[in-house]
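Since the structure comes first, as structure tokens, the remarks are kept for the end.
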Amino acid sequence: MTSHRTRLNRSDYERGDVPIRSVGWAPETLPPPMAPLTGDTEASVVIVGAGLAGSSTALHLAERGIDVAVVEAAQPGDGASGRNAGHVQPYLATLDPTEDWPDKGQRLLDTVIEGRGIVYELADKHGIACDAQATGMVEGAIRRYGELEEKARVWRGYGYDVDVVGKADLTRLLGTTEYSYGLHWGEGGSVNPYLFTRGLADAAVNAGARVYGDSPVISVEQENGRRRVRTLHGSVLADQVVLCTNGHAGNQFYPDLAKTQYPLVAYAMATTPLPDDVLAAVNPSRAAFTQFPAGLVPMVIDERNRLITASIPRPRGADKAETYFRHTLDFLHRTFPVTRDADIGLESYWTGMTASSSSVYHADYPQIFRVDDGVLALMNLGTWGVFLGPLLGRNLANALADDRMSDVVLPITEPETARYRNSFNFKIRYVLIPGARVVDRFNIL
Ligand SMILES: Cc1cc2nc3c(=O)[nH]c(=O)nc-3n(C[C@H](O)[C@H](O)[C@H](O)COP(=O)(O)OP(=O)(O)OC[C@H]3O[C@@H](n4cnc5c(N)ncnc54)[C@H](O)[C@@H]3O)c2cc1C
């Protein structure tokens, strides 16, 4: 595997575009590449982008017997889906944005509740070896927060296995006495998101989909009531196009789509495998662990016993692997004293792009846009795509297969330019994250 010492430009990191072989989730030997699209072909549905959203949509369409082609600029999982922190968060951060929806979000909620096990179920059903661990998820806080209590009350009411936990439980679950209050989500967990995404794309192929790699789409044109999706060396003529291109610069053919989102670069890293004494003491429950109110050091321990974390880099500093590794070590030394004398190295460091639909955390929701006749876009999954990508992809696929778009659980809206896009990066990278680090470091809240 390429180490973090691979020579890359700062701009590669800032674009979230370092090669997938630098990403800690990618195996030493990458899976065989999907062949590019060459020549002209046809399909009922063509999907642009093979991340979790696109791969799941393709798989579930193919399973319904629909002739589907996927056209991916790089390879399945090369976008955010293969680069994230691997947390499976099988609920919604908030229901606030659904207040104005005709059904007040009831169908989305029902779909989330019913589909909360989708990541583990798909991995199991398709035999995807992706270290999917339903080991729970912990949000740890240093004091009591009414919001957490309310969240637990609401989701317990929906039948979720979620509990408010105190210091004794947190110490048992996490192996540290730092947190005195928090939530334990029994249905949360973690997954190797690269292997999961690639596995979904392979499953789509097994179900009859055609998946083309290394084929950036350069245009989508209307042609006699159908759509022609063009790459440099080929095209697919289809009745329906679904764009699942997220924030990885890919909406040049519909520039207005890029304006609907707040793209933000995020970094992630994997340590070297942790020594045995550290493994026994740090996060013994192996829950996906994050902190509240700011999840500055989300953490999973993977099947190779590496600690994997992610966060937002400082301005113009997406390439500063050693700096963020030092921050991570500082956090570990503070939180888990056993790590102070341990030999923990940085195995890999990478970046990726998140794409959100709002500059306000609680208004950030995935979107389905009607971009043009016969062209939909499912995107802006924020930091919830590991769960919402497969779930919403399946929902959209079933609605398309049944030719009943009223079954789509998100409102289908026109692309609308997001407000304050230019100040979003400034706000997050200059103000919110640095501020949250200070607050966290000195226990100010
Ligand atoms: C560092 C980091 C940590 C994160 N942590 C978590 C987490 O712990 N849990 C969680 O739920 N979410 C997390 N997320 C968010 C999650 O990764 C995303 O929400 C999710 O992967 C989005 O999936 P997607 O399919 O919409 O997009 P992507 O996976 O980005 O897929 C889009 C695909 O479209 C392709 N594409 C773009 N343009 C074109 C074109 N012109 N032609 C053809 N193909 C094109 C790209 O190559 C890419 O493969 C994190 C994200 C990052 C970056």
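Structural remarks
- Pair list, Cβ under 7 Å, 6 or more apart: the range 45-64 residue within 16 Å of W384 (Cα to Cα), other residue open to solvent by 10 Å² or more (accessible area, probe 1.4 Å) and charged (D, E, K, R): S56/R394
- Considering the range 200-227, and only residues there that are within 14 Å of the ligand (Cβ to nearest atom) and over 22 Å from D40 (Cβ atoms), the residue that is surrounded by the fewest Cβ atoms within 10 Å (Cβ to Cβ) turns out to be A201.
- The set of residues from the range 415-436 being touching a Ser or Thr at 6+ places or on another chain (Cβ under 9 Å) and either open to solvent by 70 Å² or more (accessible area, probe 1.4 Å) or not hydroxyl-bearing (S, T, Y) (or both) comprises P415, E416, T417, A418, R419, Y420, R421, F424, K427, I428, I433.
Residues are listed down the side, and each one gets a yes or a no for (1) closer than 23 Å to G382 by Cβ; (2) within 7 Å of the ligand (Cβ to nearest atom); (3) crowded, with 21+ Cβ neighbours inside 10 Å:
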{"site": "D256", "(1), (2), (3)": "yes, no, no"}
{"site": "T260", "(1), (2), (3)": "yes, no, yes"}
{"site": "D277", "(1), (2), (3)": "no, no, no"}
{"site": "N283", "(1), (2), (3)": "no, no, yes"}
{"site": "R286", "(1), (2), (3)": "no, no, no"}
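- Applying the condition of being among the aliphatic types (A, V, I, L, M) and open to solvent by 20 Å² or more (accessible area, probe 1.4 Å) to the range 311-343 and asking which residue is nearest to the ligand (Cβ to nearest atom) yields I312.
- Of all residues in the range 160-185, those satisfying the criterion of being closer than 26 Å to D131 by Cα, assigned to a loop (DSSP other than H, G, I, E, B) and open to solvent by 20 Å² or more (accessible area, probe 1.4 Å) are D161, G175.
The values are calculated or read from the model by the stated rules, or taken from the named source; none is laboratory data. All figures in this text were calculated on a predicted structure; none of them were measured in a lab. Heads up, the Cβs are rebuilt from the backbone with ideal geometry, glycines too, and the neighbour counts pull from every protein chain shown. Heavy atoms of the whole protein, side chains included, go into the accessibility calculation; ligands, DNA and RNA do not. Shrake-Rupley method; radii C 1.70, N 1.55, O 1.52, S 1.80 Å.
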